[in-house]
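The values are calculated or read from the model by the stated rules, or taken from the named source; none is laboratory data. These figures come from a predicted structure and were not determined experimentally. We place every Cβ from the backbone using ideal geometry, glycine too, and count neighbours over all the protein chains shown. Ligands, DNA and RNA are stripped out before the accessible areas are found, and what is left, the full protein with its side chains, is counted by its heavy atoms. Shrake-Rupley method; radii C 1.70, N 1.55, O 1.52, S 1.80 Å.
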Amino acid sequence: MDEVCTGLCHLLVESGADAGLARFLSLLVGVLLVSGIPLITVILLIWIERKVAARIQDRIGPNRVGPVGLLQTIADMIKLLSKEDITPTAADRVLYNAAPLVSFASVVLIWAVIPFTPFHFGVDLEIGALYFVAIASFGTLAIMVAGWASNNKYALLGAFRVVSLLVSYEVPLVFALLVPVMLAGSMSLLDIVNAQTGMWFVVLSPLAFVIFYVSAQAETGRAPFDLIEAESELVAGFNIEYSGMKFGMFFAAEFLHVFTNGILMALLFFGGWMGPLYYESPLIAFAWLGAKGGLIYFTTLWLRNTVPRLRIDQIMAFNWKFLVPLSIANLIFISLALKVMQELGISPRDLVSAGFVELLPTTVVLLLINGAMTVYLLGLLRKRGQEARRESMAARAALAQAAD
Amino acid sequence: MALNAVTIGFVVFSILTLGGGIGVVTTRNLFQGTIWLMVSLFGVAGFFILLSAPFLAAVQILVYIGAIAILITFAVMLTRSVTRIKTRYIRVVPSFVGSLLLFLVLLFGITVPIFGGHLPESAPEYVASTRDLGIALVDENGYVVPFLLASVLLTAAMIGAIFIARDEKA
């Protein structure tokens, strides 16, 4: 363990505090900040989400409480907190109460490894990307536990649907995540961002980004994969028995998860805090990260409010017959092309520290591969769509004949 | 033993691991049993952190808690009675002999190398980082053969599973 003492800790020691105490205090402040920022952010996120949804649906959205409805979420929170805290008699008390906590913690814990600027991060884990995947599995667990502990058959059925969705979409998510890890040669999020100095990974492999984006949308249970909640057709799914703030915790976790994924995609594929003048001040770097993450976040909201919901069999078929093979093929093609190009001397041996110009031939070749794959896939999808249409037409014609 | 973070961590993770284990064998509720198993496995992941092997810790959580826990959950869901298991396993003698044998094997397996006549040489190379671990797995002087064998075995198992699960008519 390294005994570094910088920043606040250094200041405390200078002003005469005990070194151990100063270290402890600065660590405490760090932990509080890293866990506190998401908690504060989520209040704002709920407002943003509601406003964006309202705009897309040609409504105004919350506009009564506070300026432009900014305090609406606070009012909602007070309402949720003051509600009666109901636990079903037949529920498994401990597990029932633990599930919302685990669900929310599984999202907040991700923030521990997110680097906000080159110098400000909770902790730079050597296994950052793997940590993210491992922590995400707790979210699945929480939903399963919630569904079972409620002792309600609808909750259990809802949990089954969700768990099958989340477990399936974890596969393409991890395969897509492997691409930036492979390109950076490290699982640390800080290294992954720094490796994008020459070229953003989204340019090197747009397909990996698309796969990650789609899987992340499914992991958070947003449309077109929103059968977790499916508010217009189900009673509520796994959280049917939850009320008050326990229900609120599940929702806060979902809202926060969407934004967390936006920030993660900005870090993994869009160069994180890289942008003009980011080295001038950590604040500018932070602003760049926020802007990129916010933009991706906005597109997920946009998507959520414009596309219809898919059926569960369609979701599963799309994942296992399309996304998973595609993500595996993408990983294999990229690694193969990189090795071949390195042997031919087209691309630099050291991808991490290579500049923009050195990486240009590599980028062009990888982009061409990705483009070729996309064209092939679109052709394949078109053919399948036509076949399905022809089949349904034939079936309809046969039915009409039988009726005559 | 000095009271420092590592000691406290060791005590906490030991309690988690052993307590979880006791929970698994004493609870009459299969679902709670799997939750206790997860607590126990989480404690083991903590030990990996203490042994400065964060990669193994993350894999422990991912593979055991993330995947196997969900598999167990599904298995539990498909059994008839999860919460009210009345029948007890009452053959005390065979279980006593079995557990005693296992305990003795573990006892000798752990204590003899440590306190026995000759100290075994420490591990040939210290795995410092995940990078080293990766290189050791694919290096020809490392563990490439066991790694490949394990991969082939896993692939064969997967193909077998698909073959068994496949619809005959399709």
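Once both labels are positioned 7 Å from their Cα atoms along Cα-to-Cβ, the gap between B:L18 and A:T299 label points is 5.3 nm.
Restricting the calculation to alpha carbons of segment B:125-170 gives Rg and Dmax of 16.4, 53 angstrom. Averaged over peptide A:124-131, the number of partner chain Cβ atoms lying within 10 Å of each residue's Cβ comes to 4.
Sorting the segments A:316-329, B:90-103 by their residues' average number of neighbouring beta-carbon atoms within 10 angstrom, most packed first, yields A:316-329, B:90-103. Pairwise Cα distances in segment A:34-118 exceed 17 Å for 65 percent of all pairs. Once the partner protein chains are put back, segment B:29-62 shows a loss of at least 20 square angstrom of accessible area, versus the chain by itself, at B:F31, B:Q32, B:I35, B:M38, B:P54, B:F55, B:A58, B:I61, B:L62 (probe 1.4 Å, ligands and nucleic acids excluded). Sorting the Cα pairs of segment A:299-354 by distance into bins of 5 Å, from 0 upward, gives 4, 16, 12, 13, 14, 10, 10, 10, 9, 2 percent per bin.
Protein heavy-atom accessible surface, 1.4 Å probe, per residue over chain A: 49 Å².
Summing Lys and Arg as +1 and Asp and Glu as -1 over all other residues whose Cβ lies under 13 Å from the Cβ of B:P146 gives a net charge of -2. Highest average first, the peptides A:19-26, A:338-345 ordered by how many other beta carbon atoms sit within 10 Å of their residues are A:19-26, A:338-345. Inter-chain neighbour count for A:135-148: the average number of beta-carbon atoms from partner chains within 10 Å of each residue's beta-carbon is 4.
Of the Cα atoms belonging to segment A:1-81, the radius of gyration and Dmax stand at 20.3, 59 Å. Surface composition of the protein assembly as shown: carbon and sulfur atoms hold 72% of the protein heavy-atom accessible area at a 1.4 Å probe.
Were the residues from A:V13 through A:F356 laid out at 0.36 nm apart, the gain over their Cα-Cα distance would be 119.2 nm. Each helix, a run of at least 4 DSSP H residues, gives -39500 (n - 2.57); summed and divided by the residues of the protein assembly as shown, these come to -23000 deg cm²/dmol at 222 nm. Normalised by the number of residues in chain A, the mean separation of alpha-carbon contacts (under 8 Å, six or more apart) gives a relative contact order of 18 percent.
Rounded to two decimals, the Cα radius of gyration of segment A:83-340 over 2.2 N^0.38 Å is 1.04.
Taking the protein assembly as shown, how much of its Cα-Cα pair set, in percent, is spaced more than 34 angstrom apart? Pairs farther apart than 34 Å: 50 percent. Surface exposure of segment B:1-53, expressed per residue as accessible area with a 1.4 Å probe, stands at 57 Å². Chain A against chain B buries an accessible area of about 1900 Å², both chains summed, 1.4 Å probe radius. Ranked by the mean number of other Cβ atoms within 10 Å of their residues, highest first, the peptides A:393-402, B:40-49, A:358-367 fall in the order B:40-49, A:358-367, A:393-402.
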